[in-house]
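Notes to accompany the following structure.
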Protein chains: 2
Amino acid sequence: MPGYQELDSARLLSLLDELKTEYEEVRAKGLRLDMSRGKPGTDQLDLSDAMLANLKPGELSTEGGFECRNYGLLDGIPEAKRLMGEILGVSPETTFIGGNASLSLMHDCITFSFIHGLPGATPWCRQDTVKVLCPSPGYDRHFAMAEHFGFELVPVAMTAEGPDMDQVEALIRDSAVKAIWCVPKYSNPLGITFSDTVVRRMAALSPAAPDFRIYWDNAYAVHHLDTQNPDILLNLMEELERNGRQDMAFTFTSTSKITYAGGGISAAGMSKTNFDWFMAHKTVQTIGYDKVNQLRHARMFPDMGHVTAHMAKHAAILRPKFQTVLDMLEPLGRDGIASWNKPNGGYFISLDTLPGCAKRVGQLCKEAGVVLTTPGATFPYGKDPEDKNIRIAPTLPPISELEQAAALLCLCVRIASAEKILADRTGSSRPRAGAAH
Amino acid sequence: MPGYQELDSARLLSLLDELKTEYEEVRAKGLRLDMSRGKPGTDQLDLSDAMLANLKPGELSTEGGFECRNYGLLDGIPEAKRLMGEILGVSPETTFIGGNASLSLMHDCITFSFIHGLPGATPWCRQDTVKVLCPSPGYDRHFAMAEHFGFELVPVAMTAEGPDMDQVEALIRDSAVKAIWCVPKYSNPLGITFSDTVVRRMAALSPAAPDFRIYWDNAYAVHHLDTQNPDILLNLMEELERNGRQDMAFTFTSTSKITYAGGGISAAGMSKTNFDWFMAHKTVQTIGYDKVNQLRHARMFPDMGHVTAHMAKHAAILRPKFQTVLDMLEPLGRDGIASWNKPNGGYFISLDTLPGCAKRVGQLCKEAGVVLTTPGATFPYGKDPEDKNIRIAPTLPPISELEQAAALLCLCVRIASAEKILADRTGSSRPRAGAAH
């Protein structure tokens, strides 16, 4: 079968009619499915239920004998610092253990930079303009946080190797540029891992602003799908240290997608200078995070071998889900109306439709009961300049539901594509007759 | 025996010699005791060890069926909102559940006010001066937080009924005054509960600043020592609502001294307007706090009856500790060299020495191995204008250690008092001969 672009308009119109009939049949089923967020499935959460009772009375002290149930240890218990430091690739001494949300630790870094200023620098609240580089598509919550602070979001293109470093290197000559968001491994949503070249160029940046920071959100550090051939990410902190630029990055991770998304622990790893700065501000904010939960995690994962074995169980659950969606997308590729990545890890499949179709697909899916991540959300200000990127989160639904949701998604991509091609040919706005409003 | 003030100088000098000899004997023991912070003792922490295993696989959803192990429910699970709302005396709907530190929720309120501004108000970061009222003696971490933001700390006297409301009512005519810190029940460190009159006057304040807020840190809401006759605190939010001033307060509490200081949950209760404002800023900071731990707490305390019964067990442990210290202080009162409160709840005994003696007592204790809260810490900028207040935290040490620590404390009060009286009489600086440097 030729691609959609090769079909003549009469054929396309008749195809569109068929697709819409099919769509109405699906819509009549009254589906209520969610592929919007990167949430683990129930079977994944079950993998960590040993944590519900792995602490016993009388065994509630750290390896150094510190009582976890009481106040103290602002930066976390030693065993949690070691575990999370190893996941981050940062020294345990300068790894801070937070609550269940690494997003909050990123918010802390921005808040402290804004109010008090980074070491030796003017607080951002006293600067006219603060710009943040946003490799796109990227993580919507990163962009929303920066926007909420009133910062200017500067899009940077993503390549197959990571952010377009030519653009980054040019943009950081502007001293108003204070930060760049990165999800360097199995990135959200592209699923790619930054290449060694990108990491090395990142570690060699010479920004005009001395208080420029790389926000290195290594959320999927150990979240491989292909456990035999996992992606390898170069250690940014080591590269920075080699260049004497170790203060230029904050690194983050959490166990949200290792243990419980609603009950994990988070971590921020950084240089000694940044750590001392961070601690000086944290000490007025809290006496310390939940050490009992830190101990649960440390007992569950006494070393990285336990993490690897545990993550293999996640992968075994997730691989068929990803494969289901990938298989169902395949015909869209043959018809020349979509392209996507095949990730080796992480939580997302990033689908590109024909330009100008993503919002329409989101709308069609929603009206038939399947919620996708709002199209555009993966770009600064929620605006996808080409209106083509759709983030698919296949992890939460059981496979039977996933099949229904993906089938609907494919159908909607077909409808939106046919509409768009026809509209482009006639120069008119897209035909919206029929039921699919 | 007459009081120290009535002794002639020769008698006082000889007494001082005896006291110092005794001091040297104690110092030689090499004590290492801590009465510095309001930490629960191990036996108190044991009371909540049922929480270590009170959640079972398959029983991890809220009463509404929401999966606690996964993402979501930014403001907390319904049963935790109900529990903490009841402790706070605020509607569950407008009660936000945080992590283990209520201090962090206070920090959030200040941060959001500083960066984004309270509803309809200019952000504090764009104001020249922000002043915060600090009823003193008070909680050192409150004062430290406000100081860290660069705010001006304005001391307000504490009376037996709460803050001196004449002072408060006068000070809030200044539009730079944006907040007042309050620990209204079993206050830190005085152990007093604000009278109905004080609460009513607080609820009737007409501050010049529309974004003035009462930070009502109800940390000891259910922490009675005398469970038969607990102090009753008037409900501030109800009084505010009666006056149409419900936006004027943020209320806070936590289970740090109910369950685990290192693994509890916290809450902030407020008006609908403030809650919506708070949520709008929290939503960029986190997807939600640890709901698994919220569920542990909700299962442990299905209603307030369970809280009351649990707190009676704490009281049974704490009463003898407080009584031990109070009994040992008694002779100091007879000698006219100290006064103190007898609290009905909370975590502290607030001791007033003769003016000019507190720092010396702290130093003497420290040199003999007993750590007290740094004298002065209970005042803005760490400066007690009369240098007389000492916060005693009798909860952590076992009674045997507490007796040793309190005996040393009393001895040091005697030494410092004798030195001070003698120095005042001669007009010279205090005699510092001997070993007690």
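The values are calculated or read from the model by the stated rules, or taken from the named source; none is laboratory data. The model shown is predicted, which means the values in this text are computed figures rather than measured ones. Every residue, glycine as well, gets a Cβ built from its backbone with ideal geometry; the counts of neighbours run over all protein chains shown. Accessible surface areas use protein heavy atoms only, side chains included; no ligands, DNA or RNA. Shrake-Rupley method; radii C 1.70, N 1.55, O 1.52, S 1.80 Å.
A few notes on this one:
Rundown of residues vs (1) among the small types (Gly, Ala, Ser); (2) modelled with pLDDT of 95 or more; (3) out of contact with any Pro (no Cβ under 8 Å at 6 or more places or on another chain), yes/no style:
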| position | (1), (2), (3) |
| --- | --- |
| A:ASN274 | no, yes, no |
| A:TRP277 | no, yes, no |
| A:LYS282 | no, yes, yes |
| A:GLN285 | no, yes, yes |
| A:HIS297 | no, yes, yes |
| A:MET300 | no, yes, yes |
| A:ALA312 | yes, yes, yes |
| A:ILE317 | no, yes, yes |
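- Top-ranked residue of region B:281-338 - restricted to ones that are open to solvent by 10 Å² or more (accessible area, probe 1.4 Å) and touching a strand residue (DSSP E or B) at 6+ places or on another chain (Cβ under 6 Å), ranked as farthest from the other protein chains (Cβ to nearest Cβ): B:ALA338
- Just one of (1) open to solvent by 10 Å² or more (accessible area, probe 1.4 Å); (2) closer than 30 Å to A:ALA316 by Cα; (3) away from chain B (no Cβ under 14 Å) fails for A:THR197. It is (2).
- Per-region count, region A:361-403, residues polar (S, T, N, Q) and either assigned to a helix (DSSP H, G or I) or over 22 Å from the mean Cα position of the chain (by Cα) (or both): 2
- Qualifying positions in region A:86-108 - within 12 Å of chain B (Cβ to nearest Cβ) and either closer than 23 Å to B:PHE114 by Cβ or of a type in the set (Ser, Thr, Tyr) (or both): A:GLY98, A:GLY99, A:ALA101, A:SER102, A:LEU103, A:SER104, A:LEU105, A:MET106, A:HIS107, A:ASP108
- Number of the condition not met by B:ASN188 [criteria: (1) within 14 Å of chain A (Cβ to nearest Cβ); (2) under 24 Å from B:PRO92 (Cα atoms)]: (2)
- Subset of region A:403-437 that is among the aliphatic types (A, V, I, L, M) and modelled with pLDDT under 95 - its residue that is nearest to A:PHE348 (Cα to Cα): A:ALA436
- The residues listed here are B:TYR23, B:TYR71; of these, the one that is closer than 21 Å to A:ASP290 by Cα and either part of a helix (DSSP H, G or I) or in contact (Cβ under 8 Å) with a residue 60 or more places away in the chain (or both) is B:TYR71.
- Unmet criterion (only one of (1) among the basic types (Lys, Arg); (2) open to solvent by less than 10 Å² (accessible area, probe 1.4 Å); (3) more than 27 Å from B:MET51 (Cβ to Cβ)) for B:LYS272: (2)
- The set of residues in region B:110-123 being within 26 Å of the chain's Cα centre (by Cα) and either over 27 Å from B:MET279 (Cβ atoms) or within 12 Å of chain A (Cβ to nearest Cβ) (or both) consists of B:ILE110, B:THR111, B:PHE112, B:SER113, B:PHE114.
- All of B:ALA121, B:ALA176, B:ALA101, B:ALA157 fail the test of being among the hydrophobic types (A, V, I, L, M, F, W, C) and either in contact with a Leu (Cβ under 6 Å, 6 or more places away or on another chain) or open to solvent by 30 Å² or more (accessible area, probe 1.4 Å) (or both), apart from B:ALA157.
- Residues of region A:343-373 that are over 14 Å from A:LEU408 (Cβ atoms) and at pLDDT below 95: A:THR373 alone.
- Looking across region A:31-66, the residues that are in a loop (DSSP other than H, G, I, E, B), touching a helix residue (DSSP H, G or I) at 6+ places or on another chain (Cβ under 8 Å) and within 28 Å of A:THR373 (Cβ to Cβ) come down to A:LEU31, A:PRO40, A:GLY41, A:LEU47, A:SER48.
- Close contacts from region A:406-423, counting a first residue that is within 15 Å of A:THR21 (Cβ to Cβ) and part of a helix (DSSP H, G or I) and a second that is hydroxyl-bearing (Ser, Thr, Tyr) and open to solvent by less than 10 Å² (accessible area, probe 1.4 Å), with Cβ to Cβ under 7 Å and a gap of 6+ residues or different chains, come to A:LEU411/A:TYR23; A:ILE415/A:TYR23; A:ALA418/A:TYR4.
- Checking each residue in region B:125-172 for being within 14 Å of chain A (Cβ to nearest Cβ) and among the β-branched types (Val, Ile, Thr) picks out B:VAL130, B:VAL132.
- A:LYS39 falls short of the stated requirement of being open to solvent by 90 Å² or more (accessible area, probe 1.4 Å) and within 17 Å of A:GLU401 (Cα to Cα).
- Given (1) β-branched (Val, Ile, Thr); (2) free of Cβ contacts under 8 Å to residues at least 40 places away in the same chain; (3) within 19 Å of B:ILE77 (Cβ to Cβ), index of the condition B:VAL284 fails: (3)
- Every condition in (1) within 14 Å of chain A (Cβ to nearest Cβ); (2) within 24 Å of the chain's Cα centre (by Cα) holds for B:SER271 except the one numbered (1).
- Filtered by the rule that a residue be within 24 Å of B:PHE348 (Cα to Cα) and touching a Leu at 6+ places or on another chain (Cβ under 8 Å), region B:210-249 gives B:ILE214, B:TRP216, B:ASN218, B:ALA221, B:LEU225.
- Qualifying residue in region A:342-356 (condition: surrounded by fewer than 16 Cβ atoms within 10 Å (Cβ to Cβ) and over 20 Å from the mean Cα position of the chain (by Cα)): yes
- For region A:88-95, the condition of being over 11 Å from A:ALA267 (Cβ atoms) and assigned to a helix (DSSP H, G or I) holds for at least one residue.
- Residue match in region A:258-267 (condition: open to solvent by less than 30 Å² (accessible area, probe 1.4 Å), away from chain B (no Cβ under 14 Å) and over 28 Å from A:LYS321 (Cα atoms)): yes
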